[in-house]
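The values are calculated or read from the model by the stated rules, or taken from the named source; none is laboratory data. Since we're looking at a predicted model, the values are computed, not measured. Note that we place each Cβ from the backbone using ideal geometry, even for glycine, and neighbour counts take in every protein chain shown. Side chains included, ligands, DNA and RNA excluded: accessible areas come from the protein's heavy atoms. Shrake-Rupley method; radii C 1.70, N 1.55, O 1.52, S 1.80 Å.
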Amino acid sequence: MDENMFANMRYVYEVYKEGSFSKAAERLYISQPALSATVKKIEKKIGMQLFDRSTVPIQLTECGKKYIRTAEKMMDLEEEFACYVGNLNELRTGRLSIGGTYLFIAFVLPDIVKRFREKYPNIKISLVEGHTSQVEKKLFSGEVDMVLDNYPMDEDIYDKRFFMKENLLLAVPQCYESNRAAESWAMTADDIRAGVHMRPETYGVSLKLFEDEPFLTLRAHNDTRERMETIFKRAGVEPKVALKLDQILTLLAFTEKGMGISIVSDTVVKNLPYNRNIVFYKIDDPAAQRNVYFYYRKNKYFTKCMAEFMKTAMEEKTV
């Protein structure tokens with residue numbers, strides 16, 4: 001069968017409702033000959049008549065009755081789909097999956113998700129946590145709609161939207177003697193939360209003041225680790241690495257216990273309640289600043305749900 005037999009089913013349906021070609025033509029704003037020709041064309045494709053034209057009003061044939069029942073089901077499905085699309089457009093239904101590292105899932109996204117759910121309670125949100133490489137794979141496969149991360153992703157594969165800037169800081173245990181020589185540059189966690197390190201008049205510390213101290217680093221294939229190597233290389237310092245760890249939060253916890261100096265992001269410092277035993281220093285190096293983006297697949301439909309979530313994220317950032 002040719003699927004075009006239902007291409008003009010509303011013409012057939014109007015004739016069925018009115019019981020007359022002339023009345024149906026008036027409602028459809030076409031001429032009666034044009035309507036008759038269209039219906040005959042459909043009947044020819046089917047190979048059977050849909051109407052018994054010998055009666056007044058005209059009646060459906062058995063084939064015509066089946067055609068109308070099928071047409072009604074198709075129109076119901078169209079209406080159901082139109083309603084679904086309308087709900088998507090108005091965000092009365094839908095799903096959104098967001099990936100990120102533990103840092104972003106635990107400390108950056110909660111307030112954004114809370115605010116978004118207050119605005120759109122019927123959107124089902126799922127959060128996927130993992131290392132950058134893990135969530136990037138899920139983004140590539142379509143398991144997640146977007147990822148919040150500070151690691152540069154392949155721009156041939158992903159589009160991105162800016163979310164915020166991050167600054168890397170030198171975190172030194174308060175008990176280290178090297179802090180005495182760097183006292184003029186020292187900041188507390190409260191200073192970082194107040195944005196003191198962002199002020200132009202705040203200068204970065206010389207890393208050479210700490211070159212004899214033990215350092216903590218993240219393992220390879222991590223943006224913070226790569227930036228740390230770049231920063232120390234340009235400063236002419238070769239850090240004495242005491243421990244290699246997997247999470248930036250672990251770095252900070254070990255630093256607080258006096259295990260070594262680390263480089264951490266101000267995002268962590270701003271969101272954690274401790275850091276009482278740590279002194280922070282600004283780093284004057286371009287690699288100490290980085291952008292955080294929402295990443296999503298290129299050539300994939302950018303939904304209204306995704307757009308509204310990003311809009312909510314930017315609003316939350318300014319609150």
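There is no residue in region 270-286 that is in contact with a Leu (Cβ under 9 Å, 6 or more places away or on another chain), open to solvent by less than 20 Å² (accessible area, probe 1.4 Å) and part of a helix (DSSP H, G or I). Of the residues that make up region 245-252, is at least one at pLDDT below 90, polar (S, T, N, Q) and either in contact with a His (Cβ under 7 Å, 6 or more places away or on another chain) or open to solvent by 60 Å² or more (accessible area, probe 1.4 Å) (or both)? Scanning region 245-252 turns up at least one residue that is at pLDDT below 90, polar (S, T, N, Q) and either in contact with a His (Cβ under 7 Å, 6 or more places away or on another chain) or open to solvent by 60 Å² or more (accessible area, probe 1.4 Å) (or both).
In this structure, Phe294 qualifies as within 23 Å of Gly130 (Cα to Cα) and at pLDDT 95 or above. Per this entry, Thr70 is not counted among residues that are over 30 Å from Thr267 (Cβ atoms), of a type in the set (S, T, N, Q), touching a helix residue (DSSP H, G or I) at 6+ places or on another chain (Cβ under 9 Å) and surrounded by 15 or more Cβ atoms within 10 Å (Cβ to Cβ).
Given the criteria loosely packed, with under 13 Cβ neighbours inside 10 Å, touching a strand residue (DSSP E or B) at 6+ places or on another chain (Cβ under 7 Å) and within 19 Å of Glu316 (Cβ to Cβ), does Phe104 qualify? No.
Within region 303-312, the residues that satisfy the criterion of being open to solvent by less than 50 Å² (accessible area, probe 1.4 Å), more than 18 Å from Val108 (Cβ to Cβ) and touching a residue at least 40 places away in the same chain (Cβ under 8 Å) are Thr303, Cys305.
Exactly one residue out of Leu96, Leu103 is closer than 17 Å to Lys304 by Cβ and either in a strand (DSSP E or B) or in contact (Cβ under 8 Å) with a residue 40 or more places away in the chain (or both), and it is Leu96.
State yes or no: is Lys298 more than 29 Å from Pro121 (Cα to Cα) and of a type outside the set (A, V, I, L, M)? No.
Per-residue answers, yes or no, for (1) open to solvent by 50 Å² or more (accessible area, probe 1.4 Å); (2) among the hydrophobic types (A, V, I, L, M, F, W, C):
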position	(1), (2)
Leu127	yes, yes
Val135	no, yes
Asp154	yes, no
Phe163	no, yes
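Scanning region 44-66 for residues that are closer than 14 Å to Tyr16 by Cα, open to solvent by less than 60 Å² (accessible area, probe 1.4 Å) and under 52 Å from the mean Cα position of the chain (by Cα) turns up Leu50, Cys63, Gly64. Please work out which residue is nearest to the chain's Cα centre (by Cα), limiting yourself to region 220-279 and to residues that are under 16 Å from Leu103 (Cα atoms) and among the charged types (D, E, K, R). My answer is Asp223. No other residue among Gly195, Gly236, Gly204 is in contact (Cβ under 8 Å) with a residue 40 or more places away in the chain and surrounded by fewer than 19 Cβ atoms within 10 Å (Cβ to Cβ) apart from Gly204.
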